[in-house]
1. Just the Kirkwood number for segment 69-382, please: inverse of mean 1/r across all distinct Cα pairs, in Å, one decimal.
2. For a Förster distance of 30 Å, can you work out the FRET efficiency between the beta-carbons of residue 94 and residue 200, rounded to the nearest 0.05?
3. Along its principal axes, what span do the Cα atoms of segment 209-344 show, with the longest given first and each in whole Å?
4. Using Stokes-Einstein with the Kirkwood hydrodynamic radius over Cα pairs, what translational diffusion coefficient do you get for segment 196-276 at 4 °C and a viscosity of 1.567 mPa s, in µm²/s rounded to a whole number?
5. So what's the gap between the Cα centers of segment 235-294 and segment 90-132, to the nearest angstrom?
6. Sort 115-126, 278-289 for me by packing, meaning the mean count of neighbouring Cβ atoms within 10 Å per residue, highest on top.
């Protein structure tokens, strides 16, 4: 049987002459055509209504939240963390864990430093919360992730106690200005977490509240500071107080923008605890004080991190709006706290401050530039 003449159009509904060949071409063209709206290809015979009813991932995202893939592309951390995500992929990632721990240890000494803000900069914040909150559930993987951080924490505390604390005594404003510059220059890494999110009134209010919390704590600790207390002749309830104090200090290390130093100053125990480290072998009872602090600190890390991780998983965008405010407020508190307030008082009393002020402003600028370029470098790596 002869086919249709050349140039004639087949009748509507008629089957093509070489059906098998056209089916192959159609399948080949379908394979080349990209899936639209992120939807996967439907199996043969699937109901068209189900295809129409299947909303794309972007539409299913709650309240303007971006899908995890887009947030990762913008430099933000993924929405969901599992134990498998805790594995360090390179020696550089291990080094970041150590640096993060270093700043957490340093945060106990230097007013305004926030270890969790550094965790956000390194894109390790959610992983840190997950590892702390699920330590006993997935011990091996969580412990492997936490080991470099713990080592860095010990090094940071020792360096802070023996080096930074001494430098603070020489020129507090200059040292604080350097760290403040580093924190301020890294703020864009924190704001990446809310990039593309809806700027609603409740979220802006959360940002403002977050900014005010560390500033208020710093003001209270500076203006209504409790007198320094003694670590001698303590009774039973005071040891319980140190457990509670350790728990609160742990919260400051998990929630960005809160300062452990400011909390200890408000309680009147910052300087006694710093001085007590040097006398720990002379008075064995001091060991019990630090043991109580350690118990409260560990309990706070394990419990609060779990709750905060769930909060971020359920209310990610509002939580990070508050965190951005906390991070900005922490930079302000570095220039207004009881330790540096005494420096300002000496300036007002006639002490020479031109050199300290000039060096401090220069170091602040160096810190801002260094941190900003580091954030840009991290963004390019993620791109």
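No value in this document is a laboratory result; all are computed from the given coordinates. The model shown is predicted, which means the values in this text are computed figures rather than measured ones. Here the Cβ positions follow ideal geometry from the backbone for every residue, glycine too, while neighbour counts run over all protein chains shown.
1. Averaging 1/r across every pair of different Cα atoms and inverting gives 20.1 Å.
2. Details: r = 39 Å, r/R0 = 1.31.
Computed FRET efficiency for residue 94 and residue 200: 0.15.
3. Sorted largest first, the three principal extents are 50, 38, 22 Å.
4. 89 µm²/s
5. Value for the Cα centre distance between the two parts: 21 Å.
6. 115-126, 278-289
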